[in-house]
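First comes the structure, then the notes that go with it.
The values are calculated or read from the model by the stated rules, or taken from the named source; none is laboratory data. All figures in this text were calculated on a predicted structure; none of them were measured in a lab. With ideal geometry, Cβ positions are generated from the backbone for all residues, glycine too; neighbour counts draw on all protein chains shown.
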Amino acid sequence: MKANPRILLIIGGGIAAYKSCELVRLIRKNGGHVTCVLTEGGSHFVTAMTLAALSENPVHTTLWDLKNEVEMGHIQLSRQADLVVVCPATADLMAKMAAGIADSLATTLLLATDKPVLAAPAMNVRMWQHAATQRNVATLRASGVTVLDPDEGAMACGEFGPGRLPEPEAIWSAIKAALGDARPAPGPLTGRHALVTAGPTHEPIDPVRYIANRSSGKQGFAIAGALAALGARVTLVAGPVNLPTPAAVTRIDVETAREMAAAVEAALPADVAVMVAAVADWRVADAAGQKLKKDGSGQVPPLLLTENPDILATLCRVANRPPLVVGFAAETEKVIEHAQAKLARKGADWIVANDVSGDVMGGALNAVHIVTAAGVDSLPEMPKDAVATALAQRIADALAR
């Protein structure tokens, strides 16, 4: 991590804004410099005077500061920082970030900055789980913004669930990771190596066409990030997807099933393997070296298919098999029945099954069943990040036994 990093801290309007004061103190304690931008909503929960005293810097509240705007002060603010942190990131603020709205000093800075941005969400559980918020989070992450997963617990409104602002220490760890210090914070999986596969594989037919499964990679990437957040050293083998790498995760990009199998083998040994990738079952035996062309005859060129390696079954049989192997099953009918059969057939410890007959693949929500020899643990429909957090905690509990 860069010595004495410069942090531009944007404080959104929510009860969790009071924790931003502790975050300023942590950044200063660790040698960082903080410049605060207090939104109108944030000013109802913390004062500019408090933030100025803690940061030992002026606090900015309005775009219409003529003294600074003579020299385009909002542009200078957006460029002078090493990292822009939004804490708390409310549903409204993230919606404006995702849409590119610039109607205040904070949103103008976020649109004008050329520096990395980290957002720490805080809101009511229903607001966090709403499809609009999840779309905005996905848009921000696809744009390169690091959006942390909110904590789960009791909220000021009296409800319970994901939506609490992460503790300042966790946000500081994420800041360090964003600034280049990718060492995971100590947690229940510290010292453990987790291997995760995610996304589809592309099996070439010719140089411009391929066979693939429908997979966005979102669930696998979320699981990799959740395991890293618990302290694991994570190796993520990713098929062709356009997703940012989670903080503190080592990513290996592959295209085909055979490349994924080789990368999985090379990543061993591991304490746990979570095989989320939707690997294509078949590939063309002899992919064409040139683009296949229509000849006007109406005849379709024959494609001879052959089976791809079974990565999950192979992993369950190798000499250095991880102590815990978790497979995934995407089903369109008899979900639990097929998952139980797959558990026995592959030799895995757990199968995480879900019904993909709807819009799960590529969507923001998921409802899964964790199938083991002991029974079935069914989770309600929730955001994929929440599924990842629940699964990571169960993995940590299993490895601790």
What pairs come up if the first residue lies in the stretch 251-277 and is free of Cβ contacts under 8 Å to residues at least 24 places away in the same chain, the second is part of a helix (DSSP H, G or I), and their beta carbons are under 6 Å apart, counting only those six or more places apart or on different chains? Ile252/Ala263
Residues in the stretch 125-138 that are buried (at least 17 other Cβ atoms within 10 Å of the Cβ) and of a type outside the set (A, V, I, L, M) total 5
Take Val335 and tell me if it is assigned by TED's automatic domain parsing to the domain that holds Ile211, of a type in the set (Val, Ile, Thr), surrounded by 14 or more Cβ atoms within 10 Å (Cβ to Cβ) and closer than 27 Å to His193 by Cβ. no
May I ask you to list the residues in the stretch 233-247 that are touching a Gly at 6+ places or on another chain (Cβ under 8 Å) and in contact (Cβ under 8 Å) with a residue 60 or more places away in the chain? Leu243, Pro244, Ala247
Any idea which of (1) in contact (Cβ under 8 Å) with a residue 60 or more places away in the chain; (2) touching a helix residue (DSSP H, G or I) at 6+ places or on another chain (Cβ under 7 Å); (3) surrounded by fewer than 23 Cβ atoms within 10 Å (Cβ to Cβ) is the one Asp206 doesn't satisfy? (2)
Could you tell me which of the residues Ala367, Ala373, Ala280, Ala348 is over 27 Å from Leu399 (Cα atoms) and touching a helix residue (DSSP H, G or I) at 6+ places or on another chain (Cβ under 9 Å)? Ala280
Residues of the stretch 263-279 being surrounded by fewer than 21 Cβ atoms within 10 Å (Cβ to Cβ) and either within 21 Å of Val387 (Cα to Cα) or in contact with a Pro (Cβ under 9 Å, 6 or more places away or on another chain) (or both), in sequence order, are Leu268, Pro269, Asp271
Identity of the residue in the stretch 230-254, surrounded by fewer than 16 Cβ atoms within 10 Å (Cβ to Cβ) and of a type outside the set (Val, Ile, Thr), that ends up nearest to Leu315 (Cα to Cα): Asp253
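Residue-wise test of (1) within 28 Å of Ala132 (Cα to Cα); (2) touching a Lys or Arg at 6+ places or on another chain (Cβ under 7 Å); (3) in the same structural domain as Leu227 (by TED's automatic domain parsing).
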| position | (1), (2), (3) |
| --- | --- |
| Ala344 | no, no, yes |
| Gly358 | yes, no, yes |
| Gly363 | yes, no, yes |
| Asn366 | yes, yes, yes |
| Lys384 | yes, yes, yes |
| Ile395 | no, no, yes |
Candidates Pro309, Pro301, Pro380, filtered to the one that is part of a loop (DSSP other than H, G, I, E, B), farther than 24 Å from Phe221 by Cβ and in the same structural domain as Thr197 (by TED's automatic domain parsing): Pro301
